[in-house]
Structures are given as C-alpha cells and as structure tokens.
Amino acid sequence: MRKKIVAGNWKMNMNISEGLALAGSINKYFLDNPSKRAEAVLCTPFIHLAGVAETLKNSKLSLGAQNCASEPSGAFTGEVSCDMIKSTGAQYVIIGHSERRTYFNEDDKLLNKKTLLALKSGLTVIFCCGEVLPEREQNIYFQVVKKQLEVGLFNLQPEDFAKIVIAYEPVWAIGTGLTASPEQAQEMHSYIRSLIRERYGKEIADQTTILYGGSCKPSNASEIFAMPDVDGGLIGGASLKKDDFCAIVNAV
Ligand code: PEP
C-alpha cells in the first residue's frame, strides 16, 4: 500500500505565535483523534520550523519547508540550505510550487538541482507540477507535466526517485476556488503514474505517492481522494484553519 499524505502549505502566513498556536491545536486534535489513514505534514515558513518542531516533538505530525536553496552552503545572502532545514527537525520540503515557478522564475533545471540537494540532506521532496489555464485550454497539459517531470526528476537514480512525493497542482485551481473535477485529477494522476512506470518500472510507480492540490476543502476532499491514483492532497488556504485541515486529513 502506498503512503497517503495530506500536507498543509501555510505559504507566507502566520506570525510566530499564530503559527505555534495553529500547530499546537492541530497536534492536540490528532493526539485526541488519532488518524490511521494519512500522514499529516505542516509546511511552514522557514522561521517557524524550529519552534513548530518543538511543538510537534513526540507527535505523529510531520514538518516541512516550502522551499530550499539551490546551493549547499556559502555566500548566498538570505537563502536557507537543505542541511539547515533538516537540522530544524523537518522531514519534508516542497520544491517547484507554482508560486516559486511564477514569481521567482524557478525552472525545471533549477528545481532538479534543489531536489538533488534535498535528497542528499535526507529530506523527502514534495515535487509540484501542473499546467496553467491556457495550457489546459490548448489541450497540451499532458506534455507540460511530462516535461516538468522529465527535467525535474527523471535523472534521479531509482533509489532516490523512490523517496519522492509528487503533487499535481493545476495552477488554475490554486487559490482560485476552482477545483479540478475528480475525473480531471484522476486522469492526470494516472498519466503521471504511467510516466513513472515507463521510466522506473511498475514497482516504483505503484509505490509513488501522488497528491492533488488546488482549492481542496472539506466539502470536496473526499470525492477527489476517492480516485484510485490520488493519494492525498497538498492544501493551501484550508490548511490555515485547524478544523478544515483536520477534516481534510480525515477525508483520506
Ligand atoms: C497550494 O498552495 O499548494 C494550494 C493547493 O493552495 P490552495 O489549496 O489554496 O488552492
């Protein structure tokens, strides 16, 4: 059985005390109501990581960053390396979120560099892919995602690729309130799995966790997660509300 994961992406929200309070309340909820089905991951801003790690000590919740530097260390003012992230106690890092691709011009080659560094540091990568609206309308969304995966991930050795989590996030659905239909999500997830099968074989393809992201909320999570190739979600806005995030984790 492949791992089911629901990861919350807090983006650039929450000051330290708000973040610690949110992490504490989610932690308390899962201590009181242990979820057996999905692993829940909180992907916080960098400055929250060490504090939230302390809050989550001895809990079942996991912790992640939303980005990492593309160099291992040195004179890169303002950057945060994979080793630094790992040293906070975090286990995950999101790489290639569409907001990084769009606002910070991160391309697939750079994302590949970050992915290799993150794996070297012992982090699990949540690698995001997905098409923008014109690409969906022009019916080229399969080609777009194929290229993102080929350049971003497919030079990894099989034992490294086996540690990757993929998040399919149609950009037109992120933060817009527009959600992909369960059938649209399934169609792409199954295509992504077929690409992995071609490159790495059936066993790795069957084991790869593929998350859906894009305006996922408690009211639509169950029907999307019920699709056979959808193994959980990457959640933005709804991850900032304890009740919504916990309900989505429980929807897996
Ligand atoms: C995201 O930022 O990864 C995301 C899916 O955002 P939202 O859930 O707000 O659409």
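Only the coordinates and a few stated rules stand behind these numbers; no lab work does. Everything numeric here is computed off the predicted structure, so don't read it as measured data. In this analysis, Cβ positions are derived from the backbone assuming ideal geometry, glycine residues included, and neighbour counts consider all displayed protein chains.
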- Task: Normalising by the residue count of the stretch 5-250, find the relative contact order in percent from Cα pairs under 8 Å and 6+ residues apart.
- Result: 21
- Query: In the stretch 178-222, which trypsin sites (Lys or Arg not before Pro) fall in coil by DSSP and have 16 or fewer other Cβ atoms within 10 Å?
  - Reply: none
- Task: Could you tell me the distance between the Cα centroids of the stretch 73-93 and the stretch 12-40, to the nearest Å?
- Result: 22
- Query: Straight-line reach from residue 163: which lysines have Cα under 16 Å away, leaving out those fewer than 8 places along the same chain?
  - Reply: 3, 4, 86, 113, 114, 120, 202
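Which of rounded, prolate, oblate describes the stretch 79-205, given a ≥ b ≥ c as roots of the alpha-carbon gyration tensor eigenvalues and a/c under 1.5 marking rounded, otherwise prolate only if a/b is larger than b/c?
Cα axes put the stretch 79-205 in the oblate bin.
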- Message: Compute the orientation-averaged projected area for the stretch 1-139 from the convex hull of its Cα atoms and round it to one decimal in nm².
- Response: 10.3
- Net dipole in debye of the chain [+1 Lys, Arg Cβ; -1 Asp, Glu Cβ; about Cα centre; nearest 20]: 500
- Which of 194, 93, 170, positive extreme of dipole for the stretch 5-250 (C-beta unit charges): 93
- Which one of 178, 153, 234 has the biggest mean-square fluctuation once the chain is modelled by GNM with Cα springs under 10 Å? 178
- Query: If you find the alpha carbon centre of the stretch 129-178 and of the stretch 199-218, how far apart are they in angstrom?
  - Reply: 11
- Taking other Cβ within 10 Å of each residue's Cβ, how do 101, 2 sort, fewest first? 2, 101
- What longest region of the chain stays clear of chymotrypsin sites (Phe, Trp or Tyr not before Pro) that DSSP places outside H, G, I, E and B and that have at most 13 other Cβ atoms within 10 Å? 105-252
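Report, in order of residue number, the helices in the chain meeting two criteria: a C-alpha extent of 20 Å or more along the helix axis, and a mean Kyte-Doolittle hydropathy of at least -1.0; treat each whole DSSP H run as one helix.
Helices meeting the span and hydropathy rule in the chain are 16-32.
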- Message: With +1 assigned to the C-beta of every Lys and Arg and -1 to the C-beta of every Asp and Glu, and no other charges, what is the dipole magnitude of the stretch 150-211 about the Cα centre in debye, to the nearest 20?
- Response: 40
- Per the Cauchy relation, a quarter of the hull surface: what is the mean projected area of the convex hull of the alpha carbons in the stretch 5-250, in nm²? 12.4
